[in-house]
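Asker: Take this structure first; my questions come after.
Taken together, the values in this text are just the output of simple stated rules run on the coordinates, not laboratory data. The model shown is predicted, which means the values in this text are computed figures rather than measured ones. Neighbour counts are summed over all protein chains in view; Cβ atoms, including those assigned to glycine, are modelled from backbone coordinates with ideal geometry.
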Amino acid sequence: MTAGVRVGAAADLGRAVDRELRGAWLVDPASGREGPGDLVIREGRVESIAWLEGPHAAGIDDRGVVVAPGFTDLHAHLREPGNEAAETIASGLAAAAHGGFTTVCAMPNTTPPIDRAAMVAAVAAAAMAGGSPVRLFQVAAATAGRAGEQLAELGELASAGVVGFSDDGSPIQRAELLRNALAYAGMLGLPIIDHPEDLAQTTGAEAHDGLVATVLGLRGWASAAESSAVARDIEILAEVVRDVPGTRLHLTHLSTGASIEHVRAAKAAGLPVTCDVTPHHLALTDEWLVGSRRWAWLALDDGGNARDPWRDRALEADPYDTALRVNPPLRSAVDARACLEGLLDDTVDAVATDHAPHNQVDKDVEFGAARPGIAGIETALGVLLEAVDAGLLPLSRAIEALTVGPARVLGKAAEAPGLVEGAEADLVVFDRGTRWTVDGGSLRTSGWGNPLSGRSLPGSVLLTVAGGRLAFEAR
Ligand SMILES: [Zn+2]
């Protein structure tokens, strides 16, 4: 089986792509179709797609080279302006392309926060200057300076082209402010993206409130601090949507079973709510903090209860790895399963990475002092493919959650991702049969520390084409 992928020079980055991808497994969630096929790109456009049958399809399956629409990340932190030592727009977009992403939504919690139209323009100019063809969508702060005191200039920001509003890193804590933000953003046709956390319950919290935190002497981050915020946000949404039908609430990086259940009920009631989960909350659990390195689904017993990592002798790494400090924290295996089940029954609309790079000074410190965040935009695909390989997640659903799902959350801002003849090529080619090792040599992010460092993941990305132009190619 060949995918016709040739090694290109770095100078080719950004150039219009010509490629013949023959005998690959094509996955197109928009049309619901997948199977063996040939896809030819000429001067950046999809010239032809031929679905193969009979003898031409022999030996081609979904375990080899896969061609899918380019991924969209709803949630990434690029750190520019203000913390270019951790990540720049250029390094972040390079990491995105290596991860198969062709569209990235940048969160506004930079220094200073992105809360004015002029700053949106400055970020767009920096992205343009970097030369990456990966699309950067900006999420603007919902409140001025992310201070949670008064709304930012949402109308001005909408005119500048932002795709939503969020104080991510923090919730919109004051109820009347969230109410006004939802209404105003709804009138502008844009979603409010909330980071659900009741700050009154998480002061000083270091790790998921459970046995692991107790054993390690870390202060607990209660599940209820998230799920109660989710419930409050949904109640406010239900009020606002009666007056402003265009209102949309997106809840990001949900991590607990109770949160997922709240969203499931809200969707059943017809409320305009969407949500995402991260790869790390699907696949990693709090037992990694004591040194386990098994995937979340291997940490459950047949009855769906969390196994005991000590009794299982599952501990293989040093405890207190600060690469694992993240907000919300890694939860129990039961919560991870609930997030996966939400993904399977469409309660969860998208997988978003919450790519959150930090430099060594902020991360290589005592566990509780480490800045929360995992720079996971390059490992998202591999982690999801581990769940696919385990038989827990259909490949097509994993791809859908990285393409059609996030595009639906963004609404009119995003073009529908798909493999379409005549359209600009926007796609990723990866080889499920080839594993790659996560380390400083393979990663493009400037972020320090990765909890998967040294580990191999399936699905090596061979080629990423964004808007018809070369964004990444394996060498
Ligand atoms: Zn957040």
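Asker: Rounding to the nearest 20 debye, state how big the charge dipole of the chain is about its Cα centre with +1 on each Lys and Arg Cβ and -1 on each Asp and Glu Cβ.
Answerer: I would put it at about 520 debye.
Asker: If I model a spin label as a point 7 Å beyond the Cα along the Cα-Cβ vector, how far apart are those points for Asp301 and Ala126 in nm?
Answerer: That separation, rounded to one decimal, is 5.1 nm.
Asker: Continuing with this model, one more query. Below 12 angstrom from the Cβ of Gly220, what's the summed charge of the other residues (Lys, Arg +1; Asp, Glu -1)?
Answerer: -1
Asker: Out of residues 5 or more away from Gln138 or on other chains, whose amide H comes under 5 Å of its own, with H placed 1.01 Å from N in the peptide plane?
Answerer: Answer set, sorted by chain and number: Ala106, Val163.
Asker: Here's a follow-up. Output wanted: per-residue J couplings in Hz (rounded whole) for the stretch 210-217, from phi through Karplus 6.51 cos²θ - 1.76 cosθ + 1.60, θ = phi - 60°, x for Gly and Pro.
Answerer: x, 4, 4, 4, 4, 5, 7, x
Asker: Considering only Leu21, Ser460, Ser91, whose Cα is most displaced toward the positive end of the charge dipole of the chain, charges sitting on Cβ of Lys, Arg (+1) and Asp, Glu (-1)?
Answerer: Of the candidates, Leu21 comes out farthest on the positive side.
Asker: Would you calculate the separation in nanometres between label points at Ser159 and Ala144, each defined as 7 Å from the Cα along the Cα-to-beta-carbon direction?
Answerer: Roughly 1.8 nm, to one decimal.
Asker: On the Cα set of the stretch 405-451, report Rg and Dmax in Å, please.
Answerer: 16.1, 42
Asker: For the stretch 143-148, just list the computed ³J(HN,Hα) in residue order, Karplus coefficients 6.51, -1.76 and 1.60, θ = phi - 60°, integers in Hz, with x standing in for Gly and Pro.
Answerer: 10, 4, x, 6, 7, x
Asker: Give me the percent relative contact order of the stretch 302-380, please, defined on Cα pairs under 8 angstrom at least 6 residues apart.
Answerer: For the stretch 302-380, the relative contact order is 35 percent.
Asker: Enumerate the calculated ³J(HN,Hα) couplings along the stretch 317-333 in order (Karplus 6.51 cos²θ - 1.76 cosθ + 1.60, θ = phi - 60°), each rounded to whole Hz, writing x wherever the residue is Gly or Pro.
Answerer: 10, 5, x, 6, 5, 5, 4, 8, 6, 8, 10, x, x, 4, 9, 7, 5
Asker: If you scale each eigenvalue of the Cα gyration tensor by 5 and take the root, what three semi-axes come out for the chain, rounded to whole angstrom and sorted largest first?
Answerer: 32, 27, 22
Asker: Now for a different question. What value in Å³ per residue do you get for the convex hull of the alpha-carbon atoms in the stretch 163-242?
Answerer: 82
Asker: Okay, helix-only estimate at 222 nm for the chain: each DSSP H run of n ≥ 4 adds -39500 (n - 2.57), divide by all residues, round to 500 deg cm²/dmol; what do you get?
Answerer: One gets -7500 deg cm²/dmol as the mean residue ellipticity at 222 nm.
Asker: How large is the Kirkwood hydrodynamic radius of the stretch 272-320, in angstrom, based on all distinct alpha carbon pairs?
Answerer: One decimal place: 11.8 Å for the Kirkwood radius.
Asker: Next up: If amide hydrogens are placed 1.01 Å from N in the peptide plane, which non-local residues have theirs closer than 5 Å to the one on His355?
Answerer: Under 5 Å from the amide H of His355 lie the amide H atoms of His77, Gly376, each far enough along the sequence or on another chain.
Asker: Restricting the count to DSSP beta bridges whose residues both fall in the chain, what percent are antiparallel, rounded to a multiple of 5?
Answerer: In the chain, approximately 60 percent of DSSP beta bridges are antiparallel ones.
Asker: Provide, as a two-decimal number, the C-alpha radius of gyration of the stretch 322-394 over 2.2 N^0.38 Å, N being how many residues it has.
Answerer: 1.25
Asker: Shifting gears a bit: Give me the number: length gained by fully extending Thr437 to Asp18, i.e. 0.36 nm times residue separation minus the C-alpha to C-alpha distance, one decimal in nm.
Answerer: 148.0 nm
Asker: Moving on to the next point. For the stretch 9-115, what are Rg and Dmax over the alpha carbons, in angstrom?
Answerer: When restricted to the Cα atoms of the stretch 9-115, Rg and Dmax are 18.1, 59 Å.
Asker: Can I get the semi-axes of the stretch 416-475's equivalent ellipsoid? Compute them from the C-alpha gyration tensor as square roots of 5 times the eigenvalues, in angstrom, largest first.
Answerer: Computed over the stretch 416-475, the values are 27, 13, 10 Å.
Asker: Please work out the Cα center distance from the stretch 425-459 to the stretch 269-324, rounded to the nearest Å.
Answerer: So the two Cα centres are separated by 20 Å.
Asker: Which order do the peptides 293-301, 177-185 come out in when sorted by mean C-beta neighbours inside 10 angstrom, highest first?
Answerer: 177-185, 293-301
Asker: Extension gain Val365-Ala224, at 0.36 nm per residue separation less the Cα-Cα distance, in nm?
Answerer: 48.0 nm
Asker: Please list 115-121, 98-104 highest first by mean number of surrounding beta-carbon atoms within 10 Å per residue.
Answerer: 98-104, 115-121
Asker: To make sure I understand, if each residue's beta carbon is the centre and we count other beta carbons within 10 Å, what order do Ser91, Ser332, Ser31, Ser442 fall in, fewest to most?
Answerer: Ser31, Ser442, Ser91, Ser332
Asker: Here's a follow-up. Name the residues whose placed amide hydrogens come within less than 5 Å of the amide hydrogen of Gly23, ignoring near sequence neighbours (fewer than 5 apart) on the same chain.
Answerer: Close amide H contacts, sequence-distant or interchain: Gly37, Asp38, Leu39.
Asker: Tell me which of Ala425, Ala269, Gly257 sits at the most positive position along the dipole axis of the chain, charges placed on C-beta atoms (Lys, Arg +1; Asp, Glu -1).
Answerer: The listed residue farthest towards the positive side: Ala425.
Asker: Then there is this: At a temperature of 37 °C and a viscosity of 0.692 mPa s, determine how fast the stretch 54-175 diffuses translationally according to Stokes-Einstein, using the Kirkwood radius over alpha-carbon pairs as Rh; express D in µm²/s, rounded to the nearest whole number.
Answerer: The Stokes-Einstein estimate is 209 µm²/s.
Asker: For the stretch 97-231, what value does the Rg/Rh ratio take when both radii are computed over Cα atoms and Rh is the Kirkwood radius, given to two decimals?
Answerer: Ratio of gyration radius to Kirkwood radius: 1.05.
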